[in-house]
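Notes follow once the structure below has been shown.
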Amino acid sequence: MSFTLLAGRPVADALLESLKADVKKLDPKLVVVQVGDDPASASYINQKLKSCSAVGMRHQHMHLSDSTTLPELMKTIDDLNKDADVTGFIVQLPLPKQLQPHVPDVIKAIDPKKDIDGFGAYNIGKMFLSVEFEHLPPATPSGVIEMLKFYNIAIEGKHAVVVGRSNIVGKPLAVMLLNRGATVTVCHSKTKNLAEITRQADILCAAVGSAKMITKDMVKPGAVIIDIGVSRVDGKLCGDIDFDAVSTVASAITPVPGGVGPLTVASLIRNCVTAKKRQLAA
Ligand code: NDP
């Protein structure tokens with residue numbers, strides 16, 4: 001079966017292009033707070049800042065030391081919450097090990113109006129109401145929805161299976177698909193007979209972080225496959241889907257890298273523009 005490669009770059013470029021006029025008019029500012037020197041974070045932050053430059057958005061990279069304490073980080077967050085010039089900010093995860101147990105407190109401390117990662121309870125909770133209340137959705141699920149829209153893949157009436165139930169990817173993605181009329185099944189590490197469920201999917205989204213765990217026999221012929229997972233195998237990025245084998249039965253499939261990744265960044269930039277619009281309207 002021939003398949004459509006769901007490349008993320010053209011989707012991200014189109015989304016970024018569509019934001020330029022608003023960026024010029026509204027002049028939002030995005031701040032990335034990095035604590036410590038996690039190498040993967042450095043690369044993600046670089047991509048975010050590059051995309052800010054690409055759309056002409058003001059941005060700032062605040063790099064705090066690895067030994068930052070919780071009160072110091074909370075003070076930084078408080079300052080950013082109060083700074084009227086800052087539209088939105090993110091605290092890049094993961095945090096150094098002394099701070100990692102406090103991630104829920106850190107997320108909670110971010111003003112919901114500036115929470116452009118959309119990880120806080122207020123923005124997550126609003127998503128449950130309906131599509132109209134998805135004002136600041138988490139960037140990765142939002143990117144997946146944008147991908148499906150760009151490639152004209154219908155969601156309504158489809159059975160979507162989401163593997164992974166994290167608060168920042170799997171769960172919000174399931175809600176966004178549900179809001180758009182899909183019948184959604186969410187699987188996780190305790191799910192029994194995973195393959196039996198994934199084989200029922202018209203749209204199969206994998207957000208686990210386990211290289212090539214979704215094999216060809218777990219996929220219904222003609223299914224749309226969205227690979228969100230990222231692992232490193234022999235120094236190379238690898239998704240949750242066994243791409244070579246699954247692409248022989250899928251109707252459409254995202255590559256890793258070059259699939260959902262660029263859209264996560266573009267969706268974050270869109271959230272910053274949305275945040276500015278909502279702040280001005282308040
Ligand atoms: P988490 O580790 O928070 O969640 C992983 C999920 O996978 C959990 O819900 C876990 O279940 C589930 N899981 C683990 N093992 C299995 C299994 N054998 N069968 C079924 N489910 C399983 O990760 P995130 O949600 O933060 O991220 C998921 C992946 O997406 C990662 O690889 C991450 O790097 C990638 N990612 C990619 C982005 C992009 O832009 N491309 C952005 C964000 C993340 P349980 O809850 O039961 O433990």
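The values are calculated or read from the model by the stated rules, or taken from the named source; none is laboratory data. Keep in mind the model is a prediction, meaning the values are calculated, not measured. Reconstructed Cβ throughout: ideal geometry from the backbone, glycine too, with neighbour counts over all protein chains shown. Keep in mind that these areas ignore ligands, DNA and RNA; they rest on the heavy atoms of the full protein, side chains included. Shrake-Rupley method; radii C 1.70, N 1.55, O 1.52, S 1.80 Å.
Give me the angle, in degrees from 0 to 90, between the Cα long axis of helix 70-82 and the longest principal axis of the Cα atoms of the chain, rounded to the nearest 10. Long axis of 70-82 versus the principal axis of the chain: about 80 degrees.
Around the amide H of Thr4, modelled in the peptide plane, lie the amide H atoms of Ala252, Ile253, all under 5 Å away and 5 or more residues distant in sequence or on another chain. From the Kirkwood radius over Cα pairs of segment 138-261, Stokes-Einstein at 25 °C and 0.890 mPa s returns a whole-number translational diffusion coefficient of 175 µm²/s.
Could you compute how much accessible surface Tyr122 exposes when probed at 1.4 Å, giving the result in Å² to the nearest 10? Taking all protein chains as shown, Tyr122 has close to 130 Å². Under the simplified labelling scheme, the Asp217-Arg58 pair shows an inter-label distance of 5.8 nm, with each label point 7 Å from Cα along Cα→Cβ. When the residues Val184, Val91, Val233 are ordered by accessible surface, computed with a 1.4 Å probe over the protein chains alone, the sequence from largest down reads Val233, Val184, Val91.
Amide H contacts for Ala182 (H built 1.01 Å from N in the peptide plane; partners 5 or more residues away or on another chain; cut-off under 5 Å): Gly157.
Close amide H pairs (under 5 Å, H built 1.01 Å from N) link Ile214 with Ile241, Asp242, residues at least 5 positions away or on another chain.
For the set Lys236, Lys24, the ranking by accessible area, highest first and with no ligand, DNA or RNA atoms included, is Lys24, Lys236 under a 1.4 Å probe.
Spatial offset of segment 99-116 relative to segment 162-190 amounts to 22 Å, using the alpha carbon center of each.
If you wrap the Cα atoms of segment 1-91 in a convex hull and average its projected area over all directions, you get 8.0 nm². Helix 139-150 and the longest principal axis of the Cα set of the chain meet at an angle near 50°. Here the Karplus curve 6.51 cos²θ - 1.76 cosθ + 1.60, taken at θ = phi - 60°, turns the phi angles of segment 252-258 into couplings of 7, 7, 8, x, 9, x, x Hz, with x standing for Gly and Pro.
Applied to segment 120-125, the Karplus parametrisation 6.51 cos²θ - 1.76 cosθ + 1.60 on θ = phi - 60° returns per-residue 3J(HN,Hα) values of x, 4, 4, 6, 5, x Hz, with x for Gly and Pro. Among Met74, Met57, the sequence by solvent-accessible area, most first, with a 1.4 Å probe is Met74, Met57. Other residues with beta-carbon under 15 Å from the beta-carbon of Thr191 carry, at +1 per Lys or Arg and -1 per Asp or Glu, a net charge of +3.
In plain terms, if you count all Cα to Cα distances in the chain and split them into 5 Å steps from zero, the share in each step is 1, 6, 12, 16, 19, 17, 13, 9, 5, 2, 0, 0 percent.
A Förster radius of 25 Å, combined with the Cβ-Cβ distance separating Ala245 from Arg9, puts the computed FRET efficiency at roughly 0.55. Under the criterion of Cα pairs below 8 Å and six or more residues apart, the relative contact order for segment 138-261 equals 22 percent. Accessible area per residue for the chain is 46 Å², calculated with a 1.4 Å probe on protein heavy atoms, without ligands, DNA or RNA.
Only protein heavy atoms count here; under a 1.4 Å probe, Asp115 has an accessible surface of about 10 Å². Rounded to the nearest 20, the size of the Cβ-charge dipole of the chain about its Cα centre is 400 debye, with Lys and Arg at +1 and Asp and Glu at -1.
With all protein chains in place and a 1.4 Å probe, the accessible surface of the chain carries 56 percent carbon and sulfur. A simple rule links phi to the HN-Hα coupling: the Karplus curve 6.51 cos²θ - 1.76 cosθ + 1.60 with θ = phi - 60°, which for segment 221-234 gives x, x, 5, 9, 10, 10, 9, 9, x, 9, 10, 10, 10, 6 Hz, with x for Gly and Pro.
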